[in-house]
Amino acid sequence: MPPTALPKGNAIIGQSGGPTAVINQSLVGAVQQLKTFKSVKKILGMRHGVSGLTKDQVVDLGKLSAATLEKIALTPSAALGSSRDKPDAAYCAKIVEACKKHDIRYYFYIGGNDSSDTCRIVNEIANSGGYELRCFHIPKTVDNDLMMSDHTPGFASAARFVAMAFAADALDNASLPGVKINVVMGRHAGFLTAASAAARGTGKGSENNGPHLIYLPEVPFDTKQFVTDVQKVYDKLGRCQIAVSEGIQDKDGKPITTLLVEGLEKDAHGNVQLSGVGGLGDGLSDLVKKHVKTSSGKAPRVRADTFGYLQRCWPDASPIDQKEARGVAKFAVKLAMKGERSGSVAIVRLKNKPYKSDFKQIQLTDVAAKTRHMPPEFISGTNDVSKKFIEYITPLLGKLPEMTRL
């Protein structure tokens, strides 16, 4: 479709789901590119995602200065506010009505697979009703679980936090030996937990650096094998640092947390609350205390931490992540400028050394309501990641601090 056929009207941008360290890079990238789009009259922002849009809570982003936008880009968390709403068809119909009210012809939603599904439904309802509304999904999630992408904006920065946190925690564990369990985000995909392996480094003695055991939701978790694994490492090193995904599950697909903790709350999507719940770490700690023994026959010193929301918005973003988060948003706007009616964006890795990536258009149906998992080649056995995963994750993190022990 030629540019002359593009509808004139306003554009709106929203942020959805869990915030990240670079979600505002995407917001700013979209605003910057939209300022060059002659078919767009005003650039609006939704307060707290579609929830705010349906309540007429919108702001004029076009009035922000370049200096203010750059400060926002470097600020973690969702500057517009986010939403956990998962709109059904009726809710999406209200979104379309709000778009009509504000003369919105270009709709951009920054978020994960549920956000892309919202884009899909809104686009279909608008089209079926004869209202020309062009909808684009801008990818974002620390879980790295969107289909078709090598990785997702937000993931690399969260992975950087996890790697550095494990590296520091491993030194603590070596100073006062014991068993340390760290629970990391990841309901169905283990990418973020797997990133802890980058903490080991590659120098002399790195083979004994933590994390010594890594448990992912893609691999069935067995409590008896877990105890055996911990005992083996403890017997060898006198300590053991463990990375555990919040979503680990047994061979029948039941979350281990639900087996160890009673009365868990559910979110708006019907999912059992896993993030920020200390019960998994406490339950695994109890298993270690009961079944793992030191040379004296006593239980080892055991501690557990649940990283929770700290992983999402730590203000030390990966430089690669910052660049790509802004880039995917600009690419999404360029799709609209070319005349595309809908779509999402995937990051394509071109090479590792030096690292180079590009963006490509994918369909909303490629991403909507689908979950990507760690591929088998990234996993080693039942409690580790492969060399191939280390090669995958390393270029994304940026330079990590070098740590040395006596």
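Roughly how many debye, to the nearest 20, is the charge dipole of the range 299-406 about its Cα centre, given +1 on each Lys and Arg Cβ, -1 on each Asp and Glu Cβ, and no other charges? Please list the in-between numbers first.
Values: 20 positive and 11 negative charges, 53 e Å.
Roughly 260 debye, rounded to the nearest 20.
Going through the DSSP H helices of the chain, which span 20 Å or more along their own axis at the Cα atoms while scoring at least -1.0 as a mean Kyte-Doolittle hydropathy?
Answer set is 113-128, 155-175, 223-237, 319-337.
Between their Cα atoms, which of Lys100/Lys334; Lys254/Lys353; Lys55/Lys254; Lys71/Lys387 are more than 30 Å away from each other?
Too far apart for the 30 Å limit: Lys254/Lys353; Lys55/Lys254; Lys71/Lys387.
Provide the percentage of antiparallel DSSP beta bridges, counting only those with both residues in the chain; round to the nearest 5.
That works out to approximately 30 percent antiparallel.
So which lysines can Lys293 reach, going by Cα to Cα under 16 Å and dropping same-chain residues fewer than 8 places off?
Those lysines meeting the cut-off are Lys180, Lys224, Lys232, Lys236.
Could you order peptides 346-359, 303-316, 170-183 by the average number of other Cβ atoms within 10 Å of their residues, highest first?
170-183, 303-316, 346-359
In whole angstrom, note down how far apart the Cα centers of the range 241-263 and the range 361-406 are.
If you average the Cα positions of each part, the centres end up 21 Å apart.
Pick out, from Pro401, Ser344, Asn383, the residue whose Cα sits farthest towards the positive end of the charge dipole of the range 320-406, with +1 on the Cβ of Lys and Arg and -1 on the Cβ of Asp and Glu.
So the residue we want is Ser344.
Over 23 Å between Cα atoms, which of Lys35/Lys338; Lys35/Lys351; Lys338/Lys360; Lys204/Lys298 qualify?
Pairs exceeding 23 Å: Lys35/Lys351; Lys204/Lys298.
Show me, bin by bin at 10 Å from 0, the whole-percent P(r) of the range 83-214 based on Cα pairs.
Going out from 0 Å in 10 Å bins, the range 83-214 shows 12, 31, 21, 16, 12, 8, 1 percent.
Taking the radius of gyration and the Kirkwood hydrodynamic radius from Cα positions alone, what is the Rg/Rh ratio for the chain, to two decimal places?
With Rh from the inverse mean 1/r over Cα pairs, Rg/Rh is 1.02.
Rule-based calculations on the coordinates, nothing more; no lab input. Being a predicted model, the structure only gives us computed values, none of them experimental. Note that we place each Cβ from the backbone using ideal geometry, even for glycine, and neighbour counts take in every protein chain shown.
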